[in-house]
1. Which whole-Hz couplings ³J(HN,Hα) result when phi for each residue of region 73-80 is put into the Karplus expression 6.51 cos²θ - 1.76 cosθ + 1.60, θ = phi - 60°, listed in order with x for Gly and Pro?
2. Hey, what angle do you get for helix 112-122 against the long axis of the chain, alpha-carbon based, 0 to 90 degrees rounded to 10?
3. Taking H placed 1.01 Å from N in the peptide plane, check which residues at least 5 places from A86 or on another chain put their amide H under 5 Å from its amide H.
4. From the helices alone, meaning DSSP H stretches of at least four residues, give me the mean residue ellipticity at 222 nm for the chain, per-run term -39500 (n - 2.57), in deg cm²/dmol to the nearest 500.
5. So what are the ³J(HN,Hα) numbers for region 43-52, from phi and the Karplus equation (6.51, -1.76, 1.60; θ = phi - 60°), rounded to whole Hz, Gly and Pro as x?
6. Compute a Gaussian network model of the chain, connecting alpha carbons closer than 10 Å, and tell me which residue from E183, E196, E295 fluctuates the most.
7. In region 1-39, which GluC sites (Glu not before Pro) fall in coil by DSSP and have 11 or fewer other Cβ atoms within 10 Å?
8. Dipole of the chain, Cα-centred, from +1 at each Lys and Arg C-beta and -1 at each Asp and Glu C-beta, to the nearest 20 debye?
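Please treat every number below as a calculation from the coordinates, not as lab data. Given the structure is predicted, the values throughout are model-derived calculations rather than measurements. Neighbour counts run over all protein chains shown; Cβ positions are idealised from the backbone, glycine included.
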Amino acid sequence: MREPLLFALRHSQALGARVAAAAGLALAPHEEREFEDGEHKSRPLITVRDRDCYVLHGLWGEPGASANDKLCRLLFFAAALKEGGAARVTAVCPYLCYARKDRRTKPRDPVTSRYVAQLVEAVGIDRMVVVDVHNPAAYENAFRIESVELTARPLFGRQLLARFARRPLAVVSPDAGGAKRAEALREWLASRLGQEVPLAFLEKKRSEGRVSGDAVVGEVAGRVAVVVDDLVSSGTTLARAAAALRCRGAEAVVACVTHGLFTEEAGPRLQDAGFEAFFVTDSVPPRRLDPGFREHRLTIIPLAPLLAAAIWRLHQGGSLTELREHGVEPPTAA
């Protein structure tokens, strides 16, 4: 069996290089060209006929490269691979744009996550791989192709055990909608600690960009409250959660968030929220965060080993069940 071909598009080159190194692969060469009118083109620089191709591309928006632009680049490049005879094309998008818009909350609302799925399918992408998508059920239902969700849960869990195993823990969802995500981490921690870990969640209401509600349901007094979420943008939800949990007697508040979008106002807001620790993966570079917060509070957990292992297992037709539960175990010292 020939090895897979791994491409990393512009703005995802740094993560792509780390994934390639972890997978023992060289990034496959490709070309991306810009034109004066804002159009662009991309193409592989090697033959892809009958090859198993993986395209790594994070779909977050940033200055000079909107989520829409990145999505178009992924679609066009994947289509070029299919037209070049690729046997299979897998899009590896640790952060999937528009995943939050997965239902109608107002009359005539778009269900944009489903439209993205239709675009992905239209260009011939065979499989989608993401990490901790906003709503797993909506993600699976939107795609008719194979939809794979990896999780950073074991990565967060090992960090928590290393730093807080001797202190009583509680796992907290910042809203009722994330209760399943929090419950999965709670079960993971309880099974390894050999003791019960309480689950709590906060009341949260969002309307037209305004967040309200600070009631806490569950036992957090005297415990390290671990707030788990799929993403952080402005930091409003997490800051409110931290304040509410301390009011309910939490000894300390820790955050575990997979995707750190971190808008400009997030840094000061999270700095003032008083988190004892803040864990986030490198699915999105935390460029807009204040260096002081990054240095003293933030722990960035690499996704490259997880993504590399997933690529090889998918290429070889293996199961991802163990990978989802245990992640990639860190190497032991000789």
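1. 4, 4, 4, 5, 5, 4, 4, 5
2. 20
3. Counting only residues 5 or more places away or on other chains, the set is D50.
4. On the way: 11 runs with 117 residues, N = 334.
So the helix-based figure for the chain works out to -10500 deg cm²/dmol.
5. Residue by residue, region 43-52 yields 7, x, 9, 9, 5, 10, 4, 6, 9, 8 Hz.
6. Of E183, E196, E295, the Gaussian network model singles out E295 as fluctuating most.
7. E36, E39
8. Its charge dipole is roughly 420 debye.
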